[in-house]
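What follows is a single structure, written as structure tokens, with notes after it.
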Amino acid sequence: MEGKKLRIAMLGLGSVGSKVVELVTKNSEYLYQRTGVQVEIVYGLVRSILEEDKKKLAKNYQFQLTDSYDDILSDDSIDVVVELIGRVSPAKEYIVRALKAKKHVVTANKDVMAQYAHELLPLANQHGVTIGYEASVAGGIPIVNPLKTQFSLDTITSIRGILNGTTNFILTKMLNESLSYEEALTLAQELGFAESDPTNDVEGIDAAYKVMILAQLAYHVYPKMEDVQIDGITAIHPAQLAVAKQFGYKIKLLGEVKAIGNELSLRVAPALVSDQTSLALIDNETNALQVNSTQIGQSFLSGPGAGAAPTATSVLADIQALIEKKELGTSNQFAPVFFENLEFTFLAESPAEKMGIVMKKANASQKFTNDQLADIQSIHHVSIADDAYEWLVTNPLTSEQLHDLLESLNRMGSVLGALPFVD
């Protein structure tokens, strides 16, 4: 920082990038009064400097548009690169080049930080700069920096949460408005909560990236995508939601990081959540996180998991943290510490767990076999819109036992789905 200034280059001026520009300008006087540092946007990297909306934004906020990243890297006065391009390429390359040029990086890129933190954090250390990535998990919910500070001397036993607003919106509409999956997805796309290709969201990939980052922060490991057990929501039947509701449960797509001895279970999957719990109250596009630790106990955070304003606010928080570390000598809230994988290994499958199964019998009078009853804790007959269903609650089953049970049940009719109960 030269002359008590923090000069920023923006990579990407979409909805989030434009909001960051607005918030930096709006809060520049506050930041100056608090820290004595003048924050200013200097560059905006765009595909084309001829786009009218980008030209208007640059004129209104008095920064320079460029379509050349080299312009930014060669300018020694630039202190921070804010990367809001998304996806891996070319974002990762741009982050690497910024770090090597001794420029701090603030990013909202979960794809990059989930897969390449093990490369980027030591690279930042090597060049004496930092990476802030609060906005990469759960948008406006502060979780990345708290895990590095408030929880740093605590022992985290698990983190569980609703990490994807698109899927939570779809499941909420399927339950509350009796929509099919396809109808709820179309509505989410019309309202801007789902992309035209929703695969990353509905198949659980987006949430899996966030689970990987949470595991990095909580347990000092660097998991790969194949270490996460992933199941999306595309197979959820509306009858499952309706039946579960009758018995006091909601279906939520949950991401979870859990320590079981010296093993870690990383999972993204739909689950049955008691309607008496805080997570069950989180509807529509809202996200939530529940952190369990030995000293603090249970902490619960909820808020918007995406959107321009919440994400931009998290980006601005990282910028402020950088200023305060550099100028006021406070602790670095996103210190790029590189941890080796410690004693943890990753579970290939979940331990035995109790399941809730919804099925339709081909013949209502057909009885369950003794082998089936040995695995089933209770059986309930349910009617939904003139259709008869069976709600089966199992004993704790391994994946192999569950597979065998479902195979035998499907010979009696049609199993709509089997989901785990969560505490």
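Between the residues Gln62, Pro310, Ala98, the greatest Cα displacement towards the positive end of the dipole of the chain, with unit charges on the Cβ of Lys, Arg, Asp and Glu, is found for Gln62. The angle separating the long axis of helix 181-190 from the principal Cα axis of greatest extent in the chain is about 20 degrees. Scalar couplings 3J(HN,Hα) for region 210-227, obtained by applying the Karplus form with A = 6.51, B = -1.76, C = 1.60 to θ = phi - 60°, are 5, 4, 4, 5, 4, 5, 4, 6, 7, 10, 6, 10, 10, x, 9, 4, 5, 7 Hz; x denotes Gly and Pro. Dipole orientation for region 1-130: of the candidates Tyr43, Leu73, His118, His118 has the Cα lying most toward the positive pole (charges on Cβ; Lys, Arg +1; Asp, Glu -1).
When +1 charges are put on Lys and Arg Cβ atoms and -1 charges on Asp and Glu Cβ atoms, the dipole computed for the chain relative to its Cα centre reaches about 940 debye.
Farthest towards the positive end of the charge dipole of the chain, among the residues Gln229, Ala242, Tyr30, is the Cα of Tyr30, using unit charges on the Cβ of Lys, Arg, Asp and Glu.
The dipole here belongs to region 355-420: it is taken about the Cα centre, uses +1 on the Cβ of Lys and Arg and -1 on the Cβ of Asp and Glu, and is about 160 debye.
Pairs from the list Lys250/Lys354; Lys102/Lys325; Lys4/Lys325; Lys224/Lys252; Lys103/Lys325; Lys224/Lys258 with a Cα-Cα gap above 18 Å: Lys224/Lys252. Among Thr294, Thr313, Thr199, Thr167, sorting on how many other beta-carbon atoms sit within 10 Å of each Cβ, with the fewest leading, yields Thr294, Thr199, Thr313, Thr167. Ordering of 122-131, 249-258 by packing is 249-258, 122-131, highest average first (other Cβ atoms within 10 Å, averaged per residue).
Compared with the dominant Cα axis of the chain, that is its longest principal axis, helix 91-100 is turned about 40°.
Charge tally around Asp404: other residues with Cβ under 10 Å, Lys/Arg +1 each, Asp/Glu -1 each, net -4. Taking a ≥ b ≥ c as the square roots of the Cα gyration tensor eigenvalues, with a/c under 1.5 meaning rounded and otherwise prolate when a/b beats b/c, else oblate, which class fits region 145-301? It is prolate, given that a/c is not under 1.5 and a/b is the larger ratio. Here's the list of aspartates and glutamates a cross-link from Lys367 could span, going by alpha-carbon distance under 15 Å and ignoring same-chain residues fewer than 8 apart: Asp375, Glu390.
Taken together, the values in this text are just the output of simple stated rules run on the coordinates, not laboratory data. It should be emphasised that the depicted structure is a prediction, and the values quoted were computed from it without experimental measurement. Because the Cβ atoms are built from the backbone with ideal geometry, glycine has one as well, and the counts that use them run over all protein chains shown.
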